[in-house]
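Laboratory data are not the source of any read-out in this text; all were calculated from the coordinates shown. This is a predicted model, so every value here is computed, not measured. Methodologically, a virtual Cβ is constructed for each residue, glycine included, from the backbone with ideal geometry; neighbour enumeration extends over all protein chains shown.
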Amino acid sequence: MKKKFNEYLIDDDSAVTISSQMMQVISEDKKASWLACINPHSYVTAQSDYHFSVALQNADWLIPDGIGIVMFSAISGEKVHQRVAGWDVFYELNQKMSSGVGKTAYFLGSTEATLEKIKIYMAKNFPKIEVVGTFSPPFRDSFDSEDTSDMVRRINAVSPDVLWVGLTAPKQEKWLNENINLLDVKVAGAVGAVFDFCAGNIQRAPLWMQRTGLEWLHRSLSSPSKLGKRNAISNPIFLYFMVRTWLAKLWRIK
């Protein structure tokens, strides 16, 4: 079920339901559909990045991968009832794809070393899914037309059922939004952190932290130089947006 959250439509469904919807698309001969995640950091970033905001609005599935989004939604309008992590959708979809035969996947992003670890993970945990390709593109702030043509060519040469993109936000979402209609895939997902979880580069938070909405804290403490610094900047700004919306709502009520 779609819920309106400011300028976005968020999927208020479980990872099981969303992965079932993705499997339905995979089984049908339709245009490619894609998934993005929204969390407090990406929400703040999109406020000053028009093309990123448009990409999030255009995603076929936009999942609330952050407890802050769930909390903000209760203030801004239609309440989203649960956080859904990108990893959870990734895992559930792989489970469903493994129930049959002949399903394929492609991983775009990260480093060659990480991609090799992902191939090992997939072979061990989801042996019925064939990883038909991986590619580590140049590490740049943005890709030129030659880069994009090369990536599209590599992906379309093997026509995977699902394309997983781990180029980090907002680059991965903008790239998919701009190129999804050029890709010979069924579904795609912008799920950067999933690559590191798969490869074992980063461990997910303990289950109790996931359930209490504290996974962001675990990740910040696990990677203070990257995520800790990022969240220290974006979280106060996100809180400002929440408080401003709450005060505006109170003012309207009065």
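Taking the centroid of alpha carbons for each part, region 1-36 and region 56-110 are 8 Å apart. Put a dot 7 Å past the Cα of Ser99, heading toward its Cβ, do the same for Ser159, and the two dots end up 2.5 nm apart. Using only side-chain charges placed at the Cβ, +1 for Lys and Arg and -1 for Asp and Glu, the dipole size of region 56-200 relative to its Cα centre rounds to 460 debye.
Sparse packing (at most 16 other Cβ atoms within 10 Å of the Cβ) combined with a DSSP loop state is found for the following trypsin sites (Lys or Arg not before Pro) in region 71-109: Lys79.
Among the listed pairs Lys79/Lys249; Lys30/Lys103; Lys2/Lys30; Lys2/Lys174, those whose Cα-Cα separation exceeds 19 Å are Lys2/Lys30; Lys2/Lys174.
Would you mind calculating the gained length between Arg140 and Thr111 on full extension (0.36 nm times residue separation, minus the Cα-Cα distance), in nm to one decimal? It would help to have the intermediate numbers written out before the result.
On the way: separation 29, 0.36 × 29 = 10.44 nm, distance 1.28 nm.
The Arg140-Thr111 span can extend by a further 9.2 nm.
Remark on Gly66: its backbone amide H falls under 5 Å from those of Val84, a criterion applied only to residues 5 or more positions apart or on other chains, H modelled at 1.01 Å from N.
Please give the contour-minus-distance gain from Ser14 to Asn201: 0.36 nm per residue of separation, less the Cα-Cα distance, rounded to one decimal in nm.
Numbers: separation 187, 0.36 × 187 = 67.32 nm, distance 2.61 nm.
Between Ser14 and Asn201, full extension yields an extra 64.7 nm.
Taking GluC sites (Glu not before Pro) as candidate sites, keep only those in a DSSP loop with at most 13 other Cβ atoms within 10 Å, then name the longest stretch of the chain containing none of them. Working shown, then result.
On the way: sites that count: Glu7, Glu28.
That would be 29-254.
Note on P(r) over Cα pairs in 5 Å bins from 0, in percent: of the candidates (1) 1, 5, 7, 9, 12, 15, 16, 14, 10, 6, 3, 1, 0, 0; (2) 1, 6, 13, 18, 20, 17, 13, 7, 3, 1, 1, 0, 0; (3) 1, 6, 12, 15, 17, 15, 13, 10, 6, 3, 1, 0, the value calculated from this structure sits at (2).
What is the antiparallel percent of DSSP beta bridges lying wholly in the chain, to the nearest 5? Mind showing how you got there, number by number?
Values: 4 of 25 bridges.
If we restrict to bridges inside the chain, about 15 percent are antiparallel.
Given a Förster distance of 22 angstrom, what is the FRET efficiency for Ile75 paired with Lys229, based on the Cβ-Cβ distance and rounded to 0.05? Using R0 = 22 Å, I get an efficiency of 0.25. Of all the options Ser33, Ser110, Ser48, the one that moves most in a Gaussian network model of the chain with Cα springs shorter than 10 angstrom is Ser48.
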